[in-house]
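Enquirer: Can you keep this structure in mind? I'll have questions shortly.
Each reported figure results from applying straightforward, stated rules to the coordinates on display, with no laboratory input. Here the structure is a predicted model, which is why all the values come from computation and not from measurement. Backbone-built Cβ (ideal geometry, glycine too); neighbour counts: all protein chains shown.
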Amino acid sequence: MRSAIEKRVSRRKFEQEALTIEEKEKIISLIHQLNGESGLRMEFLEDGSGAFQKLRKSYGLFTNVRSLVLMKGKKEDKDLKEKIGYYGEDLVLAITDLGLGTCWVGGTFDPDEFTIDSDEELACVVVMGKVAAPSLTEKMVRSATHRKGKSIEERIKSDQPLPQWIKNGMEVVLLAPSAKNTQKTIFRYENNILIAEIVDDYSMDLIDLGIAKKHFEIGAGGKFEFGNSGVFHLS
Ligand SMILES: Cc1cc2nc3c(=O)[nH]c(=O)nc-3n(C[C@H](O)[C@H](O)[C@H](O)COP(=O)(O)O)c2cc1C
């Protein structure tokens with residue numbers, strides 16, 4: 001998991017070569033397991049390329065998109081977006097471990113290409129595929145979206161010096177993907193209580209919150225409660 005975290009960067013250009021049967025089976029079986037744990041309804045699509053074919057929507061940033069996961073769940077789930085980020089990042093890291101490239105995609109695809117049950121909400125997709133060395137376009141998109149990464153001090157407010165376990169968690173938070181690379185999730189450690197929160201004013205924010213919590217837990221152990229300002233429990 002840790003090596004996948006260090007390796008992972010968003011990839012937007014894929015090789016034409018399809019996923020192998022073994023890769024697909026592993027991904028589908030993990031989706032099944034994560035759906036069971038979370039109540040989400042993530043769904044693997046062997047070919048979701050239609051949602052990336054109109055330049056208008058994808059801004060030409062993606063090349064050879066084929067396989068993807070529909071990141072969806074029940075509309076009535078009050079923690080839906082956060083769970084999508086939290087469990088979806090497990091999936092992204094496992095796919096990275098298979099040697100494949102991935103990218104969370106919330107805006108630059110055409111959702112009308114997919115049929116979703118009426119009781120479901122599609123929050124975003126995760127695209128995946130074989131990757132070669134990063135292309136020039138990818139490097140340009142990366143440098144355009146990557147302002148300087150924020151520091152631990154910018155991401156956590158505390159009324160006391162940070163204990164080592166929090167530093168361990170925050171180091172991993174700094175490597176988390178976030179929509180438009182805004183890195184908006186903020187942690188607060190006050191009166192020995194740790195919470196994670198985000199100013200929720202963009203449709204992807206609560207997904208980012210779930211991803212950031214997942215990264216913290218990988219670095220520190222323990223578990224956050226779901227919810228904006230959810231409390232952390234060190235197990
Ligand atoms: C919830 C979410 C939605 C995203 N949506 C898009 C998108 O619509 N188009 C895109 O090119 N990248 C998208 N990204 C990728 C981010 O731009 C990327 O994670 C961020 O710039 C940090 O770069 P890194 O993933 O390489 O570390 C999204 C990421 C997240 C977490």
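Enquirer: Output the residue which, of all residues in the range 96-145 that are polar (S, T, N, Q) and surrounded by 11 or more Cβ atoms within 10 Å (Cβ to Cβ), is nearest to the chain's Cα centre (by Cα).
Expert: Going through the qualifying residues, I end up with Thr102.
Enquirer: Please work out which one of (1) within 16 Å of the ligand (Cβ to nearest atom); (2) closer than 24 Å to Met1 by Cβ is the condition Val199 fails and give its number.
Expert: Going through (1) within 16 Å of the ligand (Cβ to nearest atom); (2) closer than 24 Å to Met1 by Cβ one by one, Val199 breaks only (2).
Enquirer: Restricting to the range 177-235, name every residue that is of a type in the set (Asp, Glu) and surrounded by fewer than 20 Cβ atoms within 10 Å (Cβ to Cβ).
Expert: Hits for the range 177-235 are Glu190, Glu197, Asp200, Asp201, Glu217, Glu225.
Enquirer: Determine whether the range 1-10 contains at least one residue that is charged (D, E, K, R), out of contact with any Pro (no Cβ under 8 Å at 6 or more places or on another chain) and within 15 Å of the ligand (Cβ to nearest atom).
Expert: yes
Results for (1) of a type in the set (Gly, Ala, Ser); (2) within 28 Å of Ile198 (Cβ to Cβ); (3) surrounded by fewer than 18 Cβ atoms within 10 Å (Cβ to Cβ), shown as yes or no for each residue.
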site: Glu25; (1), (2), (3): no, no, yes
site: Asn35; (1), (2), (3): no, yes, yes
site: Ser38; (1), (2), (3): yes, yes, no
site: Glu43; (1), (2), (3): no, yes, no
site: Lys83; (1), (2), (3): no, yes, no
site: Leu93; (1), (2), (3): no, yes, no
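Enquirer: Taking strands (runs of 3 or more DSSP E) that fall entirely within the range 1-116, which contain at least 2 residues that are touching a residue at least 60 places away in the same chain (Cβ under 8 Å)?
Expert: So the answer is 67-74, 101-105.
Enquirer: Looking at (1) over 20 Å from Leu91 (Cα atoms); (2) in contact with a strand residue (DSSP E or B) (Cβ under 7 Å, 6 or more places away or on another chain); (3) within 14 Å of the ligand (Cβ to nearest atom), can you tell me which one Leu61 breaks?
Expert: Against the list (1) over 20 Å from Leu91 (Cα atoms); (2) in contact with a strand residue (DSSP E or B) (Cβ under 7 Å, 6 or more places away or on another chain); (3) within 14 Å of the ligand (Cβ to nearest atom), Leu61 comes up short only on (2).
Enquirer: Which of the residues spanning the range 96-139 are within 10 Å of the ligand (Cβ to nearest atom) and aromatic (Phe, Trp, Tyr)?
Expert: If the condition is that a residue be within 10 Å of the ligand (Cβ to nearest atom) and aromatic (Phe, Trp, Tyr), then Trp104, Phe109 are the ones that fit.
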